[in-house]
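Please treat every number below as a calculation from the coordinates, not as lab data. From a predicted model like this one, the values you see are computed outputs, not experimental measurements.
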Amino acid sequence: MTSRITLYRSSTAAGRLRKVYQRPFAAAQHFKCNYSHSSADKRCQEPDAIEAQLDFRKFLDILRYDNDLAEINDEVDPHLEVGAIVRRVSEVNDKAPLFNNVKGTRNGLWRMFGNAASLRQDEVERFGRVARNLGLPPKSSWKEISDRFMSWKKAAPLPPKVLQTGPCKQNKMFGDEINLEDLPAPYLHEGDGGKYLQTYGIHVLQTPDKSWTNWSIFRGMVHDQKHLVCLVGSGQHNSIIRDKWIENGSNEMPWALALGVPPIASIVASMPVPEGVSESEYIGAVTGKPLDMVKCELSDLLVPANSEVVLEGTMSFTKKGPEGPFGDYLALVFDNEQKMGPLFQVEAITYRDNPILPISCPGNIVDES
């Protein structure tokens, strides 16, 4: 049995969408930028496009410069409302929403941002947001974007630069301070199995001999106060690494989830990078700059230093929980599609001041899924 995702058409969601979303778009004061420029110029000095692909906050700055960011300061509910707005943005190709006032925020966790790689209304800049993820001009054609991807094949790996600390270490929580059920993780689609804290972050896993670190994007649902349950497919790089730990006799392996990472990291983590190639070195290759990284608090795993939020802990090979259903990229919720997935124990959370949780709310194309 299936249910088509139509939550944005419900009277409640549609009414709030008009109040919360359209009003900021109509009010110029919601788009004041952080840069100085003459009163005659409605656009600020352009941020560096190369830097923007390597820093999530600078990426938001460049969207703001492009007049492609809607900062929503009204309170929004992470239960269906945020998901409804994000889906609607994808369907009408409107500006990327930054939710600055999320109901249920705890200890500064967190603001939310959606539609990182959706399309724009302007025909000339139709692929502009995708281009900005790659350090390209906003008027880039799809061919130019494709050529950028193809050029990466010849790039030589460039190891990351490991720093002593970074913005993601500004705040720290451990042990009993952590309660995932208290955080405003979004319930995105009507019919979802739970609140999906992870839809657009990168999971970080490493082989036992530390020769290969894999980054990948797979969804993660809040299971209880200390655990996420995630959808992990067989035959993928993350499962290959898991099997290496199992062969060593382990019941779990170190794990991290980095949220609000450099835009280029999200793109690369979703690509079919060859087995054995670490995405952090691949990013250095395609950008020509070593990626700034920091070591996790509880393991030797490295994460982008400017990540918005980092969850740390372990992935269990023996403990499982029900995961799903979830409204995926076909715009369908399969009511009976609930599977058992591995539990990921969260033992530490580090985060930037005033952090931002990026989310993806899949549905009818085109969106970042």
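Quick notes on this structure:
- Gyration tensor (Cα) of the range 157-359, equivalent ellipsoid semi-axes in angstrom: 25, 20, 18
- Scalar couplings 3J(HN,Hα) for the range 62-73, obtained by applying the Karplus form with A = 6.51, B = -1.76, C = 1.60 to θ = phi - 60°, are 6, 5, 4, 4, 6, 6, 10, 10, 10, 8, 9, 9 Hz; x denotes Gly and Pro.
- Listed pairs Lys58/Lys169; Lys139/Lys195; Lys153/Lys210; Lys172/Lys289 exceeding 26 Å between Cα atoms: Lys139/Lys195; Lys172/Lys289
- Three-way shape call for the range 148-271 based on the alpha-carbon gyration tensor, with the a/c threshold at 1.5: rounded
- Phi-derived couplings, Karplus 6.51 cos²θ - 1.76 cosθ + 1.60 at θ = phi - 60°, listed residue by residue for the range 245-258: 5, 5, 4, 7, x, 8, 9, 7, 9, x, 8, 9, 10, 9 Hz, with x used for Gly and Pro.
- 3J(HN,Hα) from dihedral phi, the range 275-289, Karplus parametrisation 6.51/-1.76/1.60, rounded to Hz, x for glycine, proline: 4, x, 8, 7, 4, 5, 6, 5, 4, x, 5, 7, 9, x, 10
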